[in-house]
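Engineer: Can you keep this structure in mind? I'll have questions shortly.
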């Protein structure tokens with residue numbers, strides 16, 4: 001017999017923003033060719049460890065990166081846990097991750113193509129509410 005308590009509860013959270021020429025940070029994704037990619041850094045806060053899904057709905061083709069501890073805009077592979085872009089067949093990104101409570105996670109939302117701006121909604125689902133905080137605190141290189 002299946003009891004309601006045996007069915008895991010999934011909580012959805014949402015965050016809306018826009019990448020723009022005037023209000024977004026810019027970085028170069030390719031070390032050899034500098035092209036402007038607008039991005040937003042969002043600190044992810046969770047209070048319960050578990051499996052979480054992050055997905056997007058956007059007017060552009062968004063690219064999502066998930067980092068642990070901080071984001072180094074000069075070395076985008078440092079601390080990178082997951083990345084995903086919808087690409088040609090799927091317009092929006094989707095990231096699946098097991099996240100631990102009391103850990104800092106940074107979600108970078110950017111675009112598939114350079115010099116593109118537009119609106120984006122981020123949805124999170126998991127065992128508890130996810131809070132999103134736009135941040136610039138973790139954008140600079142942190143010495144180890």
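The values are calculated or read from the model by the stated rules, or taken from the named source; none is laboratory data. In this text, all values refer to a predicted model and were calculated from it rather than measured experimentally. A quick note on method: Cβ atoms are made from the backbone with ideal geometry, for glycine too, and the neighbour counts reach across all protein chains shown.
Engineer: Please determine whether any residue of the range 108-118 is crowded, with 16+ Cβ neighbours inside 10 Å, modelled with pLDDT of 95 or more, assigned to a strand (DSSP E or B) and touching a strand residue (DSSP E or B) at 6+ places or on another chain (Cβ under 9 Å).
Structural biologist: no
Engineer: Among the residues that make up the range 130-137, is at least one of them at pLDDT 90 or above, buried (at least 17 other Cβ atoms within 10 Å of the Cβ), under 15 Å from residue 61 (Cα atoms) and under 13 Å from the mean Cα position of the chain (by Cα)?
Structural biologist: no
Engineer: Which strands (runs of 3 or more DSSP E) sit wholly inside the range 46-100 and have at least 3 residues that are within 25 Å of residue 35 (Cβ to Cβ) and either in contact with a helix residue (DSSP H, G or I) (Cβ under 6 Å, 6 or more places away or on another chain) or at pLDDT below 95 (or both)?
Structural biologist: Values: elements: 50-58, 62-68, 80-85, 94-99.
Qualifying strands (runs of 3 or more DSSP E): 50-58, 62-68, 80-85.
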